[in-house]
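Note sheet for the following structure.
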Amino acid sequence: MPRFLIRFALAPATGMLLLAIGYAQDGQVPDPAVVHPSGTDVERGRAIVVAAAGVGPSGACFQCHGMDGEGDAAAAFPRLSGQVYKYLYDSMKDYASGARQNPIMTPIAQSLSEQQIRDVSAYYAAQEQAPFVSPEAADPRLLQHGGALAAIGSSERGIQGCINCHGPAGAGLPPTYPYLAGQYAMYMEAQLNAWKGGTRKSDRLSAVAMEDIAKRMTDEDIRAVSIYYASIRPQTVTPERLQAASPMVPSPPGAVQRPNAR
């Protein structure tokens with residue numbers, strides 16, 4: 001288990017908020033097959049999504065998440081369309097291990113093989129046409145508060161800005177960090193509360209960070225940042241462009257950095 005530390009400081013010369021996340025690596029190197037969808041089959045994933053005879057669980061994924069991954073805002077079923085592949089894979093593995101508990105998803109994930117988890121994750125990561133629903137009217141004060149937390153966090157309470165890991169406009173940072181822009185507020189609020197309450201866990205560095213951050217947030221913080229991200233849409237900023245512009249290169253041991261894929 002890596003040691004994890006979050007430190008905030010104000011740069012004296014500029015007054016700008018600086019975030020430093022330091023951690024000690026445990027020497028494990030992620031399997032390339034779980035970072036990128038090589039060795040997967042989208043058509044096999046589609047068969048799992050529709051619960052084709054003899055393939056995958058009896059409950060069809062599309063009943064909750066749709067064929068193109070649009071999900072369901074009212075039921076808090078998340079949008080999966082075009083989501084980061086490794087994030088989808090990691091989520092399924094967490095459901096399967098019991099680290100992430102859900103009465104619907106846990107038994108489904110546990111019924112899938114390793115290859116099936118990779119294939120269904122690759123299927124939804126490949127879907128990019130799901131339309132965005134119109135955002136609900138929100139309290140401008142909450143939107144402003146959520147936008148501020150997303151951009152700069154709170155140095156006083158040790159909360160880093162969401163943008164540090166989830167990217168400009170909530171577009172995500174592959175291969176680890178999911179997009180948040182256009183995700184459903186009810187779902188994001190539920191997940192932040194799960195991190196805060198300890199019902200969603202993992203030993204991945206990104207998960208350790210989320211648990212620490214969520215526990216520092218008030219109920220209003222959680223509601224505000226969820227509403228904010230649900231209200232914005234990724235436009236010209238996409239995970240692919242971010243990855244091309246700023247590839248994630250491993251830093252030397254002990255270097256100050258954002259948690260890498262693991």
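Pulled fully out, how much extra length does the chain show between A151 and S38, if you take 0.36 nm times their separation in residues and subtract their Cα-Cα distance?
Full extension from A151 to S38 adds 37.3 nm.
Under the 0.36 nm per residue contour assumption, what length would be gained going from the current alpha-carbon distance of R216 and F62 to full extension?
Gain on extension, R216 to F62, equals 51.9 nm.
Using a simple spin-label model with points 7 Å from Cα along the Cα→Cβ vector, what separation in nm is obtained for Q144 and S111?
So the two model labels end up 4.9 nm from each other.
Bear in mind these aren't lab numbers, they're just calculated from the coordinates by the rules spelled out. Please read these numbers as outputs of a predicted model, since none were measured by experiment. Note: ideal-geometry Cβ built from the backbone for every residue, glycine included; neighbour counts use all protein chains shown.
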